[in-house]
Amino acid sequence: MTDAASALAPDVRVLPRQRPEAARINIVGLTRSQLQAALIAAGTPEKQARMRVGQVWQWVYHWGLRDFAAMSNLAKDYRALLAQHFEIVLPEVVTRQLSDDGTRKYLVRVAGGHEVEVVYIPEEDRGTLCISSQVGCTLSCTFCHTGTQMLVRNLTAGEIVGQVMLARDDLGEWPERGAPKDETRLISNVVLMGMGEPLYNFENVRDAMKVVMDNEGIALGRRRITLSTSGVVPEIARTATEIGCLLAVSFHATTDEVRDTLVPINRKWNIATLLDALRAYPGLSNSERITFEYVMLEGVNDSKEDAYRLVALLQGIPAKVNLIPFNEWPGAPFKRSSGNRIHAFADIIHNAGYASPIRTPRGEDIMAACGQLKSATERGRRSRAEIAAEAGQEPPPRVARRPDAPDLH
Ligand code: SAH
Ligand code: SF4
């Protein structure tokens, strides 16, 4: 080839043969075996693949690196190959709000322009990150803001792991190279209590938690993760056998009549069926009790009779009861029980031998408390009744209240 011709010919050695962005595989959220298969497909010799998984894994999940070029224990050519086939991408943080009490709320955009919320709650002895498993929720618990959102999609494993990573970014929690090991953790606990029903997105939640628990990466212990479900009975046992994390159940009522209206999934799997599944929960023990979440709604589920019924229902289950003062949101059809009511309820549970902490609402000033989460684009736009009308449905039934209960409106 003459010099002139070679100047015109495309030089395959020089032109970057980058894959188009969309075709690159995001490493975040792949399990070790998925990553191994992807590395082999990209040209990693099979014999080296396991070792490469270990190296890449450490860079991504231990050091928090996003740039293949900086993976200094890999050959330059191999770093280029990785950059050509892969990317390390987290959901985008759209807004970050800081509450007076130190709670942080991130509005996060995932593929398709959907948004979910992530909340970080610092406490004296721990820091809890509340993450989402779905955009919105298909279940319409009548007291939950998320449940009023029509649009729902499952988050990918990468989008779930990405929530933990972006919070670590914001908190500056990745270890510094060369610095002494720091055992204090800003994110010491993760709870799947944000938007969505995690057991309706089981595989992605499981894979994401495996990544988060992996010892060579973020290394969060399995007992530092709590999955909260509204009661998807057929999937409950898998939480123990396939993830191994702790379980919380959104119980909220002591009769099927009331639970049917508060947590509509109860019409499919009622209290007795749910309790049977919990009694049979693999690995249940006093050190790994099930948390019963119980939202305190004035005049609906907060009577002394309710408390006694709850104690009777819990019999035989290593349990603790987490009492959640109802967090109000615009248009919510309930009110928070009074402090006296909540304490009287807690005392009955406590005297029966169960821990019954009352959850302190956190981040209320930024709408970050339990059940207040909703994509900003959706927030405050429409009431539940308006949504039902739009969908051509009857609005959900109101909960029958005790005759002595004060009127809500
Ligand atoms: N979908 C799962 C996890 C997300 S909800 C579930 O329902 O368990 C996390 C917890 O917040 C649940 O116990 C839920 O019942 C509770 N919650 C929802 N809305 C609430 C509100 N407005 N005030 C207080 N707690 C609420
Ligand atoms: Fe969904 Fe949980 Fe809210 Fe019910 S409480 S609507 S299951 S997010």
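Results, tabulated for the structure shown:
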read-out: Nitroxide proxy distance, nm - points 7 Å out along Cα→Cβ at residue 170 and residue 84; value: 3.8 nm
read-out: Zero-based 10 Å bins, Cα pair distances in segment 155-240, whole percents; value: 15, 49, 25, 9, 1
read-out: Share, in percent, of DSSP beta bridges within segment 92-390 that are antiparallel, nearest 5; value: 50 percent
read-out: Environment charge of residue 231, counting only residues whose C-beta is closer than 15 Å and scoring Lys/Arg +1, Asp/Glu -1; value: -1
read-out: For residue 249, residues with placed amide H under 5 Å, excluding near neighbours; value: 229, 291, 292, 293
read-out: Only Lys, Arg (+1) and Asp, Glu (-1) charged, at Cβ; segment 111-241 dipole about Cα centre in debye; value: 380 debye
read-out: Nearest-20 debye value, segment 92-390 charge dipole, Cβ charges on Lys, Arg, Asp, Glu; value: 300 debye
read-out: Residue-normalised accessible area of segment 290-349, given per residue in Å² at a 1.4 Å probe; value: 36 Å²
read-out: Full-extension gain in nm, residue 352 to residue 308, via 0.36 nm per residue minus C-alpha separation; value: 14.9 nm
read-out: Calculated from backbone phi, Karplus (6.51, -1.76, 1.60) coupling profile of segment 28-33 in Hz, x at Gly/Pro; value: 4, x, 6, 6, 4, 6
read-out: Radius of gyration, Dmax [segment 92-390; alpha carbons; angstrom]; value: 18.5, 60
read-out: Long-range amide H partners of residue 225 with built H, under 5 Å; value: 190, 246
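The values are calculated or read from the model by the stated rules, or taken from the named source; none is laboratory data. In this text the structure is predicted, and so the values were computed from the model without any measurement. Because the Cβ atoms are built from the backbone with ideal geometry, glycine has one as well, and the counts that use them run over all protein chains shown. With ligands, DNA and RNA removed, areas are computed over all heavy atoms of the protein, side chains included. Shrake-Rupley method; radii C 1.70, N 1.55, O 1.52, S 1.80 Å.
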